[in-house]
Amino acid sequence: MTLRGADPETVRDALETGDPLPGTAGFAGELDGRLVRDVLGRVPLFVERGTRERWAFEPHVLEDPVRFPAGSVGELGSESRRVWSVPEPTPEPDREAALEALDRAIRRASDRVRRADRDVAVAFSGGVDSALVAETLDAPSYVVGFPDSHDLEAARTAADAMGRELRTVELEPADLERAVPEVARAIGRTNAMDVQIALPLYLVAERVAAEGYDALAVGQGADELFGGYEKVVRLDHRVAADTVRGAVREQIGSLPEQLPRDVRAIEAAGLEPVAPLLYDAVIDAALRLPDELLADADVRKRGFRRVAARYLPAEIATRDKKAVQYGSLVARELDRLARQAGYKRRMDDHVTKYVESLLEE
């Protein structure tokens, strides 16, 4: 039996009761001769395509890996079946009660992280998500980016406002050239977007590991859980839903696709990933927020920001952020490296082709 993320008895009980949020931070692996993976796929798990007779937590150790489905259980060599789904939202009619529940859930998740026997640092971009994680964990904060990047400046001003020390990982193009093949192998993907997102996580994790820490805490999940994306308000072609609540639920459903990439990028640097905002208690509280505490044309993540304002300066609690690949300028610099290597923008998916070329060297 090899199970990560939860004790076996908790997962056995969840299988028996069908509880998708049994109080864990995610789990996956082999339990009683069967493979299991939590409802949001917070712990990566892969099987060999076709046979499904071999499995691994890292994709590169398999010849042709495919992700084992989130929320599923299955015998080795057999098709999996889904046993857990994200619960339907049950909005709390009392807004203040909903906010108090969310506050308690975030504090409970942070307490669990602090009680664990590991030295934790925080990936800090200066946005509200990572700022709240840094404040509630009271852990050292690291920002990564190129010298003129948005994230370096945002993190510096946020750290100053919060009275926190900030450690900076300034990048140069050679860092990307070196790290691209390592990251692509670790995440099992070569497409430009996934590599661009994973690179900053890997590079900041590398520095954190070199300075003696065991784990890297991140703010992942807040945008999906609480309505942080413009598309959930615009309800444009990027979402199928016709309500904000439905669009938020769609974004929660996208997490099993995204999280293995982020987890594997951090693990590849030798650290344990920690995502306090994706603990079961926080997910449950998010699903109980009334619609008016999600997002509208004026404010996204309204309820989350109101809770964050209890811990952070107002200028940080209300701050918008850039996606990490753009805020760090990693996407810009990777595009520049691809063009310098002869992969011009007129070529279809030129950055992906550049990534693939580095894997062949």
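Overview of values
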| item | result |
| --- | --- |
| Residues being over 24 Å from the mean Cα position of the chain (by Cα) and closer than 18 Å to Leu21 by Cβ - total across the stretch 31-73 | 1 |
| Count of the stretch 187-205 residues which are of a type in the set (Gly, Ala, Ser) and open to solvent by 20 Å² or more (accessible area, probe 1.4 Å) | 1 |
| Some residue of the stretch 5-22 being closer than 26 Å to Asp262 by Cβ, open to solvent by 40 Å² or more (accessible area, probe 1.4 Å) and either of a type in the set (Phe, Trp, Tyr) or touching an Asp or Glu at 6+ places or on another chain (Cβ under 6 Å) (or both) | no |
| Where a residue in the stretch 10-22 is in contact (Cβ under 8 Å) with a residue 40 or more places away in the chain and outside any loop (DSSP other than H, G, I, E, B) and its partner, wherever it lies, is open to solvent by less than 70 Å² (accessible area, probe 1.4 Å) and among the hydrophobic types (A, V, I, L, M, F, W, C), with Cβ under 7 Å and at least six apart | Leu15/Val73; Leu15/Val83 |
| Test for Tyr213: is it assigned to a helix (DSSP H, G or I), of a type in the set (Ser, Thr, Tyr) and farther than 18 Å from Leu45 by Cα | no |
| Pairs where the first residue, in the stretch 320-333, is in contact (Cβ under 8 Å) with a residue 60 or more places away in the chain and of a type in the set (A, V, I, L, M, F, W, C) and the second is assigned to a loop (DSSP other than H, G, I, E, B) and open to solvent by 90 Å² or more (accessible area, probe 1.4 Å), C-beta under 8 Å, 6+ apart | Leu329/Asp148 |
| Residues being under 19 Å from the mean Cα position of the chain (by Cα) and either farther than 15 Å from Arg82 by Cα or modelled with pLDDT under 95 (or both) - total across the stretch 1-26 | 7 |
| Subset of the stretch 91-126 [in contact (Cβ under 8 Å) with a residue 12 or more places away in the chain and open to solvent by 70 Å² or more (accessible area, probe 1.4 Å)] | Pro93, Arg95, Arg104, Arg107, Arg108, Arg112, Arg114, Asp119 |
| Hits in the stretch 261-315 - residues which are over 17 Å from the mean Cα position of the chain (by Cα) and open to solvent by less than 20 Å² (accessible area, probe 1.4 Å) | Ala285, Leu287, Leu289, Pro290, Leu293, Leu294, Ala295, Gly303, Val307, Ala308, Leu312 |
| Search result, residues across the stretch 284-314 that are of a type in the set (A, V, I, L, M, F, W, C), in contact (Cβ under 8 Å) with a residue 24 or more places away in the chain and farther than 30 Å from Ala192 by Cβ | Ala285, Ala286, Leu287, Leu289, Leu293, Leu294, Ala297, Val307, Ala308, Leu312 |
| Considering residues of the stretch 127-157 that are more than 16 Å from the chain's Cα centre (by Cα) and assigned to a loop (DSSP other than H, G, I, E, B) only, the residue surrounded by the fewest Cβ atoms within 10 Å (Cβ to Cβ) | Asp148 |
| Selection from the stretch 196-235 of residues that are within 11 Å of the chain's Cα centre (by Cα) and closer than 20 Å to Leu329 by Cα | Ile197, Ala198, Leu201, Val218, Gly219, Gln220 |
| Output for the stretch 206-252, where each listed residue is touching an Asp or Glu at 6+ places or on another chain (Cβ under 6 Å), under 18 Å from Leu289 (Cα atoms) and open to solvent by less than 10 Å² (accessible area, probe 1.4 Å) | Ala222, Ile252 |
| Answer from Arg82, Arg67 - the residue that is touching a strand residue (DSSP E or B) at 6+ places or on another chain (Cβ under 8 Å), open to solvent by 40 Å² or more (accessible area, probe 1.4 Å), at pLDDT below 95 and over 19 Å from Leu287 (Cα atoms) | Arg67 |
| Candidate set: the stretch 304-349, residues that are at pLDDT below 95 and among the acidic types (Asp, Glu); chosen: the one farthest from Gly127 (Cα to Cα) | Asp348 |
| Answer residue from the stretch 316-332, given it is touching a helix residue (DSSP H, G or I) at 6+ places or on another chain (Cβ under 6 Å) and part of a helix (DSSP H, G or I) and is most open to solvent (accessible area, probe 1.4 Å) among those | Val324 |
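Let's see how each residue does on (1) open to solvent by 50 Å² or more (accessible area, probe 1.4 Å); (2) at pLDDT below 95; (3) in contact with a strand residue (DSSP E or B) (Cβ under 8 Å, 6 or more places away or on another chain):
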position	(1), (2), (3)
Gly29	no, no, yes
Gly41	no, no, yes
Leu45	no, no, yes
His60	yes, yes, no
Glu63	yes, yes, yes
Ser72	no, no, yes
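The values are calculated or read from the model by the stated rules, or taken from the named source; none is laboratory data. As the structure is a computational prediction, the values presented were derived from the model and not from experiment. Counting neighbours? That spans all protein chains shown, and the Cβs are built from the backbone with ideal geometry, glycine included. Note: areas computed on protein heavy atoms with side chains; ligands, DNA, RNA excluded. Shrake-Rupley method; radii C 1.70, N 1.55, O 1.52, S 1.80 Å.
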